[in-house]
1. Here's a check for you: in segment 152-181, which residue that is outside any loop (DSSP other than H, G, I, E, B) and surrounded by fewer than 15 Cβ atoms within 10 Å (Cβ to Cβ) is farthest from the chain's Cα centre (by Cα)?
2. Does THR90 fit the bill of being without any contact (Cβ under 8 Å) to a residue 12 or more places away in the chain and more than 13 Å from the chain's Cα centre (by Cα)?
3. Taking only segment 35-66 into account, find how many residues are farther than 25 Å from PRO142 by Cα, at pLDDT 80 or above and out of contact with any helix residue (DSSP H, G or I) (no Cβ under 6 Å at 6 or more places or on another chain).
4. Does PHE84 satisfy being of a type in the set (Phe, Trp, Tyr), in contact with a Lys or Arg (Cβ under 9 Å, 6 or more places away or on another chain) and at pLDDT below 80?
5. Could you count how many residues in segment 9-20 are exposed (fewer than 15 other Cβ atoms within 10 Å of the Cβ) and out of contact with any helix residue (DSSP H, G or I) (no Cβ under 8 Å at 6 or more places or on another chain)?
6. Are any of the residues in segment 124-143 outside any strand (DSSP E or B), out of contact with any strand residue (DSSP E or B) (no Cβ under 6 Å at 6 or more places or on another chain), on the phi > 0 side of the Ramachandran plot and without any contact (Cβ under 8 Å) to a residue 12 or more places away in the chain?
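The values are calculated or read from the model by the stated rules, or taken from the named source; none is laboratory data. Everything numeric in this text was worked out from a predicted model, so none of it was measured. Cβ placement follows ideal geometry from the backbone for every residue including glycine, while neighbour counts extend to all protein chains displayed.
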Amino acid sequence: MNPGRYIDNLNHPFHVLIWILSQLGADIVFAAGNGGQPCPVPAFLHLSAGSIRGAAAYAETLTVAGCDVQDFRVGYSSQGPAVFMNPGPTPDKPDITGYTHYLGSQVFGERMPDGGTSTACPIVAGCIAAIRTKISPQVVPPAQLFDAIRLTARQGNGGGPGGVFNNDYGYGIIDPLAAYLELAP
């Protein structure tokens, strides 16, 4: 444990900033990472167990795993449990799964899909932004919105039932309409 690392120290300025932002109504979303089994990206080949770490392990953040458009978890999407070096319970991570491996920007070449949990993360963030056009953080704070997203998640192919945690999909694949309807006045 190193108090200079933000994951090891809940009083680290970075964690304090994340906590303050969440208390002010910011919906904070992080990618789970690409260190999952059976095919972690090269940077994780030496350490794929415990590949959800850093800010993605914080309780205040919504951590996003990745699945393809057929709802199968992509083989590199980091799996829980998260690495959290502080005393107390480690939050269940990832929280939710979003889509990756779809034909989007084609930045990697013509007909090459976008990939990674960093592709799934903005999909989930966009779903949250759409919900926020109708429900403000003053009415439904981030923690309550994240609870609704986890509760209303759909089952993935090869995963457990939606709304029930597992280390591959978190609570399931995001269903933004169901989450909105859960919270709508």
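1. Within segment 152-181, the match that is farthest from the chain's Cα centre (by Cα) is LEU181.
2. Against the criterion (without any contact (Cβ under 8 Å) to a residue 12 or more places away in the chain and more than 13 Å from the chain's Cα centre (by Cα)), THR90 does not qualify.
3. Residues flagged as farther than 25 Å from PRO142 by Cα, at pLDDT 80 or above and out of contact with any helix residue (DSSP H, G or I) (no Cβ under 6 Å at 6 or more places or on another chain) within segment 35-66 amount to 3.
4. In short, yes.
5. Taking segment 9-20 first, the residues exposed (fewer than 15 other Cβ atoms within 10 Å of the Cβ) are 11, 13-14, 16-17, 20.
Now restrict to residues that are out of contact with any helix residue (DSSP H, G or I) (no Cβ under 8 Å at 6 or more places or on another chain): 11, 13, 16-17, 20.
So the count comes out to 5.
6. no
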